[in-house]
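Working notes, beginning with the structure itself.
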Amino acid sequence: MRNGLILVSGSVRGDVALARQAEKAGFDSVFTIEFFNRHGFVPLAAIAQATRRIRIGTAIANAFTRSPLLHASAAMDLDELSGGRMLLGLGSGTRRMNEEWYGVPFSAPAARMTELVRLLRAAFAAQKGGGLRFEGDFWKLKVPLYARPGAAREQIPIWVAAVNRGMVRAAGLVADALVGHPIATRRWHREVTLPGLRAAEIEAGRAESACTLAPYVLCSIADTREQALREAKGQIGFYYTTELYHSVLDLHGLRHVGQACRAAFRSLDMKALLDAVPDSLVDEIAIACTPDEARDRLAQWQGLTADPLFYPPSVGVRPERVVENTHAILEVFGAAPANA
């Protein structure tokens, strides 16, 4: 497997240090996240300079809070700085995130994402000059003198985050990979994500597996299974306070779990939030165990993906424990010791 790591140390400097360690451990890739207080692109510039081999990327950057050419120029800058190692991961976010956090309108996310990826590919292809013209339903651009000297590659891989069927279809139509959400179960990927990708590829006339699955794999490695489960449940419970993701629970007949998570969060009852998430659901979503069990747990993802993105839980977890867990992930799943 081409193991990837989601960087959540809590600081830019910490993420750069973890990226170096991931490269030493033989990981394939490292990814930044983007939140209202975290920029997806800026830390990658430092990471590009601090590493030599490992692929770098956003998993994910907010798709609709920047104009398309800002995405394109950032990706090409980082691709140049890294010598062609950039992966551009984009996600729509929720309506609340777009409207309340960033103050931008939110509509037709799947259709807009499909068009955005096509626009970005056009921008990458126009880098040698000749101008850029794009006529779409959401963007109409005309840049007669468009060029991008110094670009490392003619195209940069574009990954699209998706949970529900509409965005899965969008990814299958145009993306190089689908970034699976941390709360998507293996059953969801088997029965919804992968069939949706294959159907969209056929619709678009693309080759089978043109869009691969790169799922977040929530991972807590601890001295006891009880601690590992507790940390994973905090992250899972937090995500299931968002009703948009309850479609995953519906597949398992567990809508009541999401409702209990929402009720616990409203009253800020962390114990109730943890209690609402059954152990069996954690096992369908996460690797939450002791070090000696972890490789067997990862084997459950074989046949679904060759690109797992390990994601240490951070909700209700001390920052130093997040870093400790990340070191354990690098040690267990790396091809070489991280401190070699």
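Side notes on the structure shown:
- Among Pro278, Pro291, Pro312: highest mean-square fluctuation, GNM of the chain, C-alpha pairs under 10 Å: Pro278
- Under a model in which nothing but the beta-carbon of Lys, Arg (+1) and Asp, Glu (-1) is charged, the chain shows a dipole of about 820 debye around its Cα centre.
- Thr290 versus Arg266: modelled label distance in nm, points set 7 Å from Cα along the beta carbon direction: 4.1
- Per-residue extension of 0.36 nm, minus the Cα-Cα distance of Leu244 and Ser11, leaves a gain of 81.0 nm for this segment.
- Shown for the chain are the DSSP H helices of 20 Å or more along their axis, judged by Cα atoms, with a mean Kyte-Doolittle hydropathy of at least -0.5: 68-82, 109-125, 319-333.
- Principal axis box of region 1-154, alpha-carbon based, largest edge first, Å: 45, 38, 27
- FRET efficiency estimate (nearest 0.05) - Cβ-Cβ, Arg96 to Glu324, R0 45 angstrom: 0.90
- According to the Cα-based calculation, Rg over Rh for region 254-340 is 1.03, with Rh computed by the Kirkwood formula.
- GNM flexibility winner over the chain from Asp250, Asp77, Asp137 (Cα, springs under 10 Å): Asp137
- Subtracting the Cα-Cα distance of Ser67 and Glu226 from their residue separation scaled by 0.36 nm leaves 52.7 nm.
- Kirkwood Rh, angstrom, region 5-72 [1 / mean 1/r, Cα pairs]: 12.2
- For the chain: relative contact order, % (alpha-carbon pairs under 8 angstrom, 6 or more apart): 19
- For region 168-230, the C-alpha radius of gyration sits at 1.40 times the compact-globule guess of 2.2 N^0.38 Å, with N the residue count.
- Spin-label model, Ala299/His252: points 7 Å from Cα along the beta carbon direction are separated by 2.2 nm.
- The chain: most fluctuating residue of Asn325, Asn37, Asn98 per GNM, C-alpha cutoff 10 Å: Asn37
- Listed residues Ala61, Ala264, His246: farthest to the positive end of the dipole of the chain (Cβ charges): Ala61
- Prolate/oblate/rounded label for region 77-160 (Cα gyration tensor, a/c 1.5): oblate
- Alpha-carbon spread of the chain, three principal axes, descending order, Å: 60, 45, 38
Each reported figure results from applying straightforward, stated rules to the coordinates on display, with no laboratory input. Please read all numbers here as calculations on a predicted model, not as lab measurements. Cβ sites come from the backbone with ideal geometry, for glycine too, and all protein chains shown count toward neighbours.
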